[in-house]
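Shown next, in structure tokens, is the structure this report addresses.
What follows draws every value from the coordinates through simple rules; no lab data is involved. Being a predicted model, the structure only gives us computed values, none of them experimental. So basically every Cβ, Gly included, is an ideal-geometry build from the backbone, and we count neighbours across all protein chains shown.
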Amino acid sequence: MTRRNYDLAELRRLDVAHHLPGQQDYRVMRDIGGSRIIASGEGCYIRDAEGQAILDGMAGLWCVQVGYGRKELADAAHRQMIELPYYNTFFKTAMPPTVMLAAKVAQLLGGDLEHVFFNNSGSEANDTVIRLVRHYWEVKGEPGRNIIIARENAYHGSTIAGVSLGGMTAMRAQGGPLVPGIEHVMQPYSFNEGFGEDPEAFAGRAADALEQRILAVGPEKVAAFVGEPVQGAGGVIIPPRSYWTKIEAICRKYGVLLVCDEVICGFGRLGTWFGFQHFGIKPDIVSMAKGISSGYLPISAVGVAHHIVETLRDAGGAFIHGYTYSGHPTAAAVALENIDIIEREGLVERTATETGPLLARHLAEIADHPLVGEVRSLGLIGAIEIVSRKGTNERFGGAEGKAGPILRDLCIKNGLMVRAIRDTVVMCPPLIIRPAELDELFGIIRRSLDEAEPVLRAI
């Protein structure tokens, strides 16, 4: 792993003086003297400016499917930048890699999802979803259908529209007023909201919450239901198998559009190209980002069913929406090469048949630890629930959020990057991860759990 020479003290000084990092307490960042500087990466590892190697159990931020240091992606960007670094799609123009990427994504989506709109981030993709859904119903002659239903504790981005669509209380408390016309229903989080309940009964209860909300606001007013196949930032919440088929049936019953947010689940994470394919449903709209380029360049997309696009085409008139960088040719070229790597190396199939099952076996082995209340995974995304008393869902200190950060910090100290979401420690390694690296990952987690126990028992 090559490394440049950095003046670390100066970088950290400049970080505090000028850089505002995402989703951080700026007082804390000032008081600790700046960010940890991540200087390089190769394969499944990142290295900080002090030279410490860290196994990246989060694939960056749920996104680096093919790992770090892929020369093929740098070369794809270089070739496109020499040929045509940028142009827009506003002037009845399009660029070759943009068109080719749209066709490729449509092929991977399959079925009726034949059309693709490009954005720059998952947040922008979900903004596009809101505008597209409401515009569609206006064109259909049903402008009263403008209510969108999402879920409590859901994450759909950090823009005003994304936060409005999402259901995270702390985020919704900042930066209002929020976008009106968005409702929220219970999430399918059985460990917290259905502990000890039969999984099928819980699936029915969680799905019924959607139907009851549709009936409460009036079916003629509901435009769409939006949800992640597996809630990532919510805590890797994996619903019971029948949940999504029940949700789909309810949407069809009332003529409500079904939208799958695949920003995290898409591009192989669950062992299928998209999460909706694992659950056997057929959405009308799909938002995606992150894994489409493995995070090498910012790009996102919205897959749209043919029946929606034909309605807009038949009506005529512009969909007055888009971004300067929508369909950016260099980002599209990198995304195409990234998808080619995923296909060429069989990473989706490998996740389904080899590394995903191995991750599940490691989790099952760690489930015996006194601090572990539940483990769960699907493909290469997993979670560990930390509890104060085995066999319960009771938390340390009587409230959520005390234990998770302690275990997370110990894992990072021991050389593994994971994330704490309240008292759930989550993992999402690159799809290229090898069995020996999964062994290392869980060795660090086991050691960190042992180190965390006396600390937590003292709370």
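A few points about this structure:
- The chymotrypsin sites (Phe, Trp or Tyr not before Pro) of the range 287-346 that meet both conditions, a loop assignment by DSSP and at most 16 other Cβ atoms within 10 Å of the site Cβ, are PHE319.
- Bins of 5 Å from zero: percent of alpha-carbon pairs in the range 159-235: 3, 13, 21, 21, 21, 14, 5, 1
- Ranked VAL256, VAL387, criterion: other C-beta atoms within 10 Å, fewest first: VAL387, VAL256
- Take each peptide in 41-50, 365-374, count the other Cβ atoms within 10 Å of every residue, and average; sorted highest first, the result is 41-50, 365-374.
- A convex hull fitted to the Cα coordinates of the range 1-121 yields 184 cubic angstrom per residue.
- Percent breakdown of C-alpha pair distances by 10 Å bin, ordered from the shortest bin, for the range 72-344: 7, 30, 36, 21, 6, 1
- Total lysine pairs in the range 72-344 at Cα distances under 28 Å, for residues eight or more apart or on different chains: 16.
- The range 183-285 gives an Rg/Rh value of 0.95, both radii derived from C-alpha positions and Rh following Kirkwood.
- DSSP beta bridges fully contained in the range 72-344 are about 40 percent antiparallel.
- Counted over the chain, the DSSP beta bridges are approximately 65% antiparallel.
- Cα-based radius of gyration of the range 51-158 once divided by 2.2 N^0.38 Å, which approximates compact folds: 1.42
- Separation between Cα centres of the range 196-269 and the range 16-73, rounded to whole Å: 33 Å
- Stokes-Einstein translational diffusion, the chain - Kirkwood Rh over all Cα pairs, 1.002 mPa s, 20 °C, in µm²/s: 93 µm²/s
- log10 of Debye I(q)/I(0), alpha-carbon scatterers only, for the range 378-459 at 0.21 Å⁻¹: -0.96
- Centroid-to-centroid separation of the range 104-165 and the range 331-408 [C-alpha atoms, Å]: 27 Å
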